[in-house]
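None of the figures in this text is laboratory data; all of them are computed from the coordinates on show. Because the structure is predicted, anything quoted here is derived from the model rather than measured. Glycine also receives a Cβ, built like all others from the backbone with ideal geometry; neighbour counts cover every protein chain displayed.
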Amino acid sequence: MRILGLICSVLILVPQGGQAEELERRIVVNGEGVVSVAPDMATVFVGVSRQARRADDALKSASDGAAAVLDRLAAEGVEARDIQTRNVGLSPQYARSNDGTPPRITGYVASNDLVVRVRSFERLGVVLDAIVSDGANAMNGLSFSVSERSDLEQEARKEAVEVAIEKAEVLAEASGVQLGRVISISEAGAVSVPFAADRGMMMEARAAVPIAGGEIDIRASVTMVFEIAD
């Protein structure tokens, strides 16, 4: 894990016509804290797509494939609470001619898409390989996250405050004024920036799918207002 401190922006309020004296003697700074950490779980968007001449045959085939994937996920230890149906689709396929006649339906494509949360990151490659072997033939996205965010968010907040205070001290010293008390502090919010794999990738079965998780950034931003002491 590594922690980075970034400064977003700094503003010293100076006298403006009609402003109260109290508002003129302030230093406003923004600070950002970043905690980078390796992910420990992933969310996978997988799908089963089947084609047939009849709509009911296509839908049944896709449903059977999705059922096989669900059974395999359960066998791999993925809990029911971590699996959700995202979409069930059915659409016709058309053949078009160059003689001006209307397109005619030649078949149907049915799909069943699932969102799967894999809490054991070490088993992600094995799980992907297993569900492909049992019927999934499309991957619509992959993202990484961390299961315990609270402590990491607190670290990012502390880093953001430290960065803001340090900058305010530098500005006060450079301006020849004395930094006073904190008048207010507000947070823009802690967010995470996960790595996300490309969407629309077709999946090919193999012994085990290699996964590189990298790191995700958890960021917090604060705005602090300091009084300029006499």
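Worth pointing out:
- With each label modelled as a point 7 angstrom along the Cα→C-beta vector, the Arg54-Gln178 pair spans 9.0 nm.
- Other residues lying with their Cβ under 13 Å from the Cβ of Thr223 contribute a combined charge of +1, Lys and Arg counting +1, Asp and Glu -1.
- Converting phi to 3J(HN,Hα) with the Karplus coefficients 6.51, -1.76 and 1.60 and the offset θ = phi - 60°, the range 73-87 yields 4, 4, 5, 8, x, 7, 6, 4, 5, 9, 10, 9, 6, 9, 6 Hz in sequence order, with x at every glycine or proline.
- Residue-count net charge about Val46 - beta-carbon cut-off 10 Å; Lys, Arg +1, Asp, Glu -1: 0
- Amide H within-cut-off set for Ile183, under 5 Å, with H built and near neighbours excluded: Val225, Phe226, Glu227
- Tensor-based shape of the range 41-145 (alpha-carbon gyration tensor, a/c under 1.5 rounded, otherwise prolate or oblate): prolate
- Rounded to whole Hz, the Karplus (6.51, -1.76, 1.60) HN-Hα couplings of the range 57-69, x for glycine and proline: 5, 5, 5, 5, 5, 5, 5, 4, x, 5, 4, 5, 5
- Under the criterion of Cα pairs below 8 Å and six or more residues apart, the relative contact order for the range 41-145 equals 50 percent.
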